[in-house]
Amino acid sequence: MRLFRQRNIAKIAKDVVFKINGSIEIDKTAEIKEGCVLQNGPGEQIVIGKYVQLNPYTIIYGGNVTIKDNCMIAPHVVITTANHDFHQTQKPMRFAGIVDSSDLVIEDDVWIGANASIIAGVTRIGRGAIIGANSVVNKPVPDYAIVAGVPAKIIGYRNKK
(Lines give C-alpha, C1' and ligand atoms only; values in the text may rest on other atoms or scores of the structure.)
Protein backbone atom coordinates (compact mmCIF):
# COMPACT_ATOMS: atom_id res chain seq x y z
CA MET A 1 0.00 0.00 0.00
CA ARG A 2 1.29 3.44 -0.87
CA LEU A 3 0.04 6.26 1.27
CA PHE A 4 1.22 9.81 0.83
CA ARG A 5 -0.30 12.31 3.20
CA GLN A 6 0.57 15.93 2.84
CA ARG A 7 -1.09 18.36 5.20
CA ASN A 8 -2.15 21.16 2.83
CA ILE A 9 0.84 22.16 0.67
CA ALA A 10 4.51 21.86 1.63
CA LYS A 11 7.29 23.38 -0.49
CA ILE A 12 8.56 20.36 -2.42
CA ALA A 13 10.94 20.75 -5.36
CA LYS A 14 9.80 19.18 -8.62
CA ASP A 15 12.67 16.69 -8.84
CA VAL A 16 12.32 15.16 -5.36
CA VAL A 17 12.17 11.37 -5.67
CA PHE A 18 9.58 9.51 -3.60
CA LYS A 19 9.89 5.71 -3.50
CA ILE A 20 7.26 5.09 -0.87
CA ASN A 21 6.14 1.51 -0.30
CA GLY A 22 4.86 2.35 3.17
CA SER A 23 3.62 5.82 4.04
CA ILE A 24 4.88 9.36 4.33
CA GLU A 25 3.46 12.39 6.11
CA ILE A 26 4.81 15.88 5.43
CA ASP A 27 3.67 18.97 7.31
CA LYS A 28 2.55 21.90 5.15
CA THR A 29 5.31 24.12 6.59
CA ALA A 30 8.13 21.73 5.60
CA GLU A 31 10.49 22.41 2.73
CA ILE A 32 12.10 19.65 0.65
CA LYS A 33 14.64 20.94 -1.84
CA GLU A 34 15.90 19.64 -5.16
CA GLY A 35 17.41 16.20 -5.55
CA CYS A 36 16.18 14.73 -2.27
CA VAL A 37 15.27 11.03 -2.18
CA LEU A 38 12.81 9.60 0.33
CA GLN A 39 12.35 5.83 0.31
CA ASN A 40 10.82 3.26 2.61
CA GLY A 41 9.47 -0.26 2.55
CA PRO A 42 6.09 -1.85 3.21
CA GLY A 43 4.71 -0.99 6.63
CA GLU A 44 7.33 1.72 7.20
CA GLN A 45 6.58 5.40 7.72
CA ILE A 46 8.45 8.65 7.19
CA VAL A 47 7.09 11.64 9.14
CA ILE A 48 8.38 15.16 8.51
CA GLY A 49 7.27 17.75 11.05
CA LYS A 50 6.64 21.48 11.14
CA TYR A 51 9.21 23.83 9.64
CA VAL A 52 11.61 21.01 8.75
CA GLN A 53 14.01 21.84 5.95
CA LEU A 54 15.60 19.07 3.88
CA ASN A 55 18.28 20.76 1.79
CA PRO A 56 19.45 19.59 -1.65
CA TYR A 57 20.34 15.94 -2.18
CA THR A 58 19.36 14.67 1.26
CA ILE A 59 18.56 10.95 1.27
CA ILE A 60 16.24 9.22 3.74
CA TYR A 61 16.40 5.52 3.03
CA GLY A 62 14.32 2.82 4.65
CA GLY A 63 12.72 2.14 8.01
CA ASN A 64 10.54 4.30 10.19
CA VAL A 65 11.99 7.80 10.34
CA THR A 66 10.40 10.67 12.25
CA ILE A 67 11.86 14.15 11.93
CA LYS A 68 10.17 16.39 14.46
CA ASP A 69 9.67 20.16 14.27
CA ASN A 70 12.16 22.90 13.37
CA CYS A 71 14.97 20.63 12.14
CA MET A 72 17.54 21.70 9.58
CA ILE A 73 19.07 18.98 7.43
CA ALA A 74 21.96 20.35 5.35
CA PRO A 75 22.82 19.29 1.76
CA HIS A 76 23.99 15.76 0.99
CA VAL A 77 22.96 14.21 4.32
CA VAL A 78 22.28 10.46 4.28
CA ILE A 79 19.92 8.90 6.82
CA THR A 80 19.58 5.12 6.62
CA THR A 81 18.04 2.73 9.11
CA ALA A 82 18.96 -0.73 7.81
CA ASN A 83 21.88 -2.91 6.72
CA HIS A 84 22.27 -5.72 4.25
CA ASP A 85 22.71 -9.21 5.69
CA PHE A 86 26.47 -9.34 5.17
CA HIS A 87 27.04 -12.26 7.58
CA GLN A 88 25.69 -14.87 5.19
CA THR A 89 27.98 -15.93 2.34
CA GLN A 90 25.73 -18.17 0.23
CA LYS A 91 24.69 -15.36 -2.11
CA PRO A 92 25.91 -11.87 -2.94
CA MET A 93 25.21 -9.30 -0.24
CA ARG A 94 23.12 -7.36 -2.75
CA PHE A 95 20.56 -10.18 -2.72
CA ALA A 96 20.90 -11.19 0.94
CA GLY A 97 18.05 -9.12 2.32
CA ILE A 98 17.86 -6.43 4.97
CA VAL A 99 18.68 -6.81 8.66
CA ASP A 100 19.00 -4.49 11.63
CA SER A 101 16.23 -2.14 10.52
CA SER A 102 15.49 0.23 13.38
CA ASP A 103 13.22 3.17 14.03
CA LEU A 104 14.85 6.61 14.14
CA VAL A 105 13.46 9.72 15.82
CA ILE A 106 15.13 13.05 15.21
CA GLU A 107 13.80 15.28 17.98
CA ASP A 108 12.86 18.99 17.73
CA ASP A 109 15.37 21.71 16.78
CA VAL A 110 18.17 19.49 15.43
CA TRP A 111 20.78 20.73 12.95
CA ILE A 112 22.51 18.08 10.85
CA GLY A 113 25.52 19.47 8.95
CA ALA A 114 26.41 18.93 5.30
CA ASN A 115 27.52 15.47 4.17
CA ALA A 116 26.75 13.87 7.54
CA SER A 117 25.59 10.26 7.66
CA ILE A 118 23.28 8.72 10.23
CA ILE A 119 23.58 4.97 9.90
CA ALA A 120 21.59 1.90 10.90
CA GLY A 121 21.26 1.30 14.63
CA VAL A 122 20.84 4.94 15.62
CA THR A 123 17.44 5.26 17.27
CA ARG A 124 17.43 8.88 18.45
CA ILE A 125 19.00 12.24 17.79
CA GLY A 126 18.20 14.29 20.88
CA ARG A 127 16.39 17.59 21.08
CA GLY A 128 18.53 20.56 20.09
CA ALA A 129 21.51 18.44 19.01
CA ILE A 130 24.01 19.50 16.36
CA ILE A 131 25.68 16.99 14.06
CA GLY A 132 28.89 18.39 12.56
CA ALA A 133 29.47 18.40 8.82
CA ASN A 134 30.99 15.18 7.39
CA SER A 135 30.27 13.24 10.61
CA VAL A 136 29.18 9.60 10.76
CA VAL A 137 26.67 9.04 13.56
CA ASN A 138 26.61 5.41 14.68
CA LYS A 139 24.93 5.69 18.10
CA PRO A 140 22.15 7.75 19.70
CA VAL A 141 22.88 11.43 20.40
CA PRO A 142 21.79 13.03 23.71
CA ASP A 143 19.74 16.21 23.98
CA TYR A 144 21.70 19.39 23.14
CA ALA A 145 24.88 17.46 22.35
CA ILE A 146 27.26 18.71 19.67
CA VAL A 147 28.83 15.73 17.92
CA ALA A 148 31.42 15.56 15.17
CA GLY A 149 33.89 13.17 13.56
CA VAL A 150 34.09 9.67 12.16
CA PRO A 151 32.64 8.08 14.17
CA ALA A 152 30.85 11.06 15.71
CA LYS A 153 31.80 11.83 19.31
CA ILE A 154 30.43 14.40 21.73
CA ILE A 155 32.55 17.55 21.58
CA GLY A 156 30.31 19.76 23.69
CA TYR A 157 26.78 20.69 24.69
CA ARG A 158 24.73 23.68 23.56
CA ASN A 159 23.28 24.22 27.02
CA LYS A 160 26.62 24.23 28.92
CA LYS A 161 29.39 26.85 28.83
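The values are calculated or read from the model by the stated rules, or taken from the named source; none is laboratory data. From a predicted model like this one, the values you see are computed outputs, not experimental measurements. Cβ placement follows ideal geometry from the backbone for every residue including glycine, while neighbour counts extend to all protein chains displayed. Accessible surface areas use protein heavy atoms only, side chains included; no ligands, DNA or RNA. Shrake-Rupley method; radii C 1.70, N 1.55, O 1.52, S 1.80 Å.
A single member of 39, 45, 53, 90 is free of Cβ contacts under 8 Å to residues at least 12 places away in the same chain and over 22 Å from residue 139 (Cβ atoms), and it is 90. Considered as a group, the residues in the stretch 90-99 that are in a loop (DSSP other than H, G, I, E, B) and either touching a His at 6+ places or on another chain (Cβ under 9 Å) or of a type outside the set (D, E, K, R) (or both) include one that is farthest from residue 130 (Cα to Cα), and that residue is 90. Quickly run through the stretch 112-134 and pick out the residues that are over 27 Å from residue 43 (Cα atoms), crowded, with 17+ Cβ neighbours inside 10 Å and not aliphatic (A, V, I, L, M). 113, 128, 132 - these are the residues of the stretch 112-134 that are over 27 Å from residue 43 (Cα atoms), crowded, with 17+ Cβ neighbours inside 10 Å and not aliphatic (A, V, I, L, M).
Across the stretch 75-89, the number of residues qualifying as assigned to a loop (DSSP other than H, G, I, E, B) and either surrounded by 16 or more Cβ atoms within 10 Å (Cβ to Cβ) or touching a His at 6+ places or on another chain (Cβ under 6 Å) (or both) comes to 5. Filtering the stretch 29-45 to residues that are open to solvent by less than 30 Å² (accessible area, probe 1.4 Å), within 15 Å of residue 80 (Cα to Cα) and either at pLDDT 95 or above or assigned to a loop (DSSP other than H, G, I, E, B) (or both) leaves 36, 38, 41. Residues that are open to solvent by 50 Å² or more (accessible area, probe 1.4 Å) and part of a strand (DSSP E or B) were ranked within the stretch 54-70; the one that is modelled with the highest pLDDT is 59.
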